[in-house]
Amino acid sequence: MNAPETRTDTAAARPASRRALAFIVLLVWIDTLSFGLVIPVLPTMVMRLGGVSLSEASAIGGWLVMSFAIAQFMAAPVLGGLSDRFGRRPVLLVSSAGHALAFLIAAFAPNLLVLFIGRIIAGATGASYATAYAYIADVTEPEKRAQNFGLVGVAFGLGFMAGPALGGLLGAEDYRLPFLAASAACMANFLLGWFVLPESLRQDLRRTFSLARANPFSTFRRLSAVRGPLLVLAIVHFLWWMAIQAQHTIWPYYTQYRYGWSPQDVGLSLGMVGLLSVLVNGLLVKRAVKRLGEARTLRAGLLAGVLAASLYALAETPALLLGGILIGSLGALAPASLQALATSMTAPDAQGELQGALNAISSVTIVLGPPLYAQIFASVSGADALLRLPGAPFFVAATMAGAAFLLVTMGLQAPRRIARA
């Protein structure tokens, strides 16, 4: 008699799981959308609140991004540990509500200090991606997890495509509107989750919260496992992530300074970046790896990054910049192929250790990159600049991507030999 009830329960659970998965994908999309909404108007907001020039605002903007990244880095393992103790649902709901509050604080910030406070809260409460992945693992059969994790990646790309474009349109009316829109979207996410989202973690699978496990710096211990050819890939990973921080950090400042772009122009250009990233990830990566192999695909992606950053640095006209965007979209070939190479060179029981190490490296670049590029841009674009070279940050980025390309070309001739061994 129990068997039919078990089958019925399982069948009934499937629609609920699908609804929960749809909500999680929506949550990631809204989180990314809200982050992208405010990018085009940050230069205007910093200049207005601080009474500073564009070049000075870029330096402050770098510290804003850094504060957001540090808060996210510190909060991510804490939220993960709390979700293991109290369940995924309360952590996701608190994250959505906190994110809504953070954007509301920033929208009405009377000065830069309050703006910093809002961005720090946004970073801490926006560190919900790990919990979202854990939720998917809870409600998905092992054989379907990869494709469902892929849905999260698509949601991330679509959010970054729509967010800046919409933020630019709203910012053309009032630079505070994108922050209000981001707050409203996160609050809608909270309310939807409150009424729709079920808990995914069973009581018998929960564990006590541990401060030792929640220590974000313990992640770096995993770097000790990276040796040999994997060390080459780890360095390449660091250089690539450092290179792409240039675009993430100074794009709105650079395009406004060099071309006089409005927030709407900035948003549409970043929307184009997001769209091309989705297309390359969804349509080209798999075909390129199948045809060229992981190592050649990685080199192609890195070379595209070098060429794109160089074009950004040299682009006297928006047309050349848009050409750089088209070439730079092929840079999306690099992360996927690097992951494939790294996992193929790692034992099955060490895959988690590998991902922890790579995530730690990425975290470092997100903290270090923004202030580095912002300070470079401020020093070569201000009224007192000894050398007026606004493209200098992208030259630095091109150098880093070029070093990564050379490392792969000269130091990674061994993946297939390792595989055979």
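Where a number appears in this text, it was derived from the coordinates with a stated rule and is not lab data. All values reported here derive from a predicted model rather than from experimental measurement. Positions of Cβ are generated from backbone atoms using ideal geometry, with glycine treated the same way; all protein chains shown enter the neighbour counts.
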Checklist line | Order of D31, D265, D174 under a 10 Å beta carbon neighbour criterion, fewest first | finding: D174, D265, D31
Checklist line | Formal net charge of residues neighbouring I24 (Cβ-Cβ distance under 12 Å; K, R +1; D, E -1) | finding: +2
Item checked: Packing rank of 271-278, 46-53, 101-108, 381-388, where each peptide gets the mean count of other beta carbons within 10 Å, highest leading -> 101-108, 271-278, 46-53, 381-388
Check: What are the residues whose amide H is under 5 Å from the amide H of L201, where those residues sit 5 or more places off or on another chain and H is modelled from the backbone?
Finding: R88, R89
Margin query: Take L320 and F195, extend 7 Å from each Cα along the Cα→Cβ direction, and tell me the distance between the two endpoints in nm.
Written below: 5.4
